[in-house]
Amino acid sequence: MIERTLAIIKPDATGRHQSGAILQRYEQAGLVPVAMKLVRLTKAQAEGFYYIHKQRPFFDSLCSFMSSGPIVVIALEGEQAIKRHRDLMGATDPAKAAEGSLRKAFGTHIEHNAVHGSDSSETAQFELAYFFNALELPQP
Ligand code: ADP
Ligand code: MG
């Protein structure tokens, strides 16, 4: 099944000028960008994106981090894109992420883990709509 998922290149990775290298990894994996932009979130916008985590102890720090610099948001399309993208990203903590994964290669800390990816079709729908309107990302 062809799916779409939301990828984010986080402020730690954009700050190290790794966006191009990460985009190349998506393309090499057959995850095709179908919409993309560079944005800078306010803290309130980051809180809206991560509302699901609002009870977690790391919520405030995570939202400060995610609004600390530019991010690249990308709609990726491909066969089983959601799971294949999560596999490519690796575990949340870069120290535990598999060899060859994006977080192993580009992450430095459980919070500063370089990339985000939707974890289900429901969250993908919410997250894609958070960043892209119908003009930017038309229905497939
Ligand atoms: P994932 O991004 O792998 O789906 P979560 O949804 O659990 O992970 O968490 C969202 C983001 O919050 C993570 O990508 C990471 O940046 C941050 N985070 C998760 N767990 C922690 C933690 N224990 N301490 C600090 N930041 C965390
Ligand atoms: Mg998650």
Inset, instruction - Please go through segment 38-140 and write out the GluC sites (Glu not before Pro) that DSSP classes as loop and that have at most 14 other C-beta atoms within 10 Å. - result: 99, 136
Inset, instruction - Consider all pairwise Cα distances in segment 2-131 and report the whole-number % of them above 22 Å. - result: 29 percent
Inset, instruction - Any chance you could count the Lys pairs in segment 2-131 whose alpha carbons are under 23 Å apart, treating pairs 8 or more apart or on different chains as valid? - result: 11
Inset, instruction - Over the chain, calculate the relative contact order: mean separation of alpha carbon pairs under 8 Å at least 6 apart, over the residue count, as a percent. - result: 36 percent
Legend entry - For residue 13, net neighbour charge (Lys/Arg +1, Asp/Glu -1) across residues whose Cβ lies under 12 Å away: +3
Inset, instruction - Using a cut-off of 12 Å between beta-carbons, work out the net charge of the residues near residue 127 (Lys and Arg +1, Asp and Glu -1, residue 127 not included). - result: -1
Inset, instruction - For segment 44-140, state which trypsin sites (Lys or Arg not before Pro) are in a DSSP loop and have at most 16 other beta carbons lying within 10 Å of their beta carbon. - result: 54, 96
Inset, instruction - Could you tally the net charge around residue 101, taking each other residue with its Cβ under 13 Å from the Cβ of residue 101, Lys/Arg +1 and Asp/Glu -1? - result: +3
Legend entry - Net length gained if the chain between residue 60 and residue 129 were fully extended (0.36 nm per residue, minus Cα distance): 22.5 nm
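Values quoted throughout were computed directly from the atomic coordinates according to the rules given, and no laboratory measurement underlies them. Fair warning: this is a prediction, and the values are worked out from it, not measured in the lab. Backbone-built Cβ (ideal geometry, glycine too); neighbour counts: all protein chains shown.
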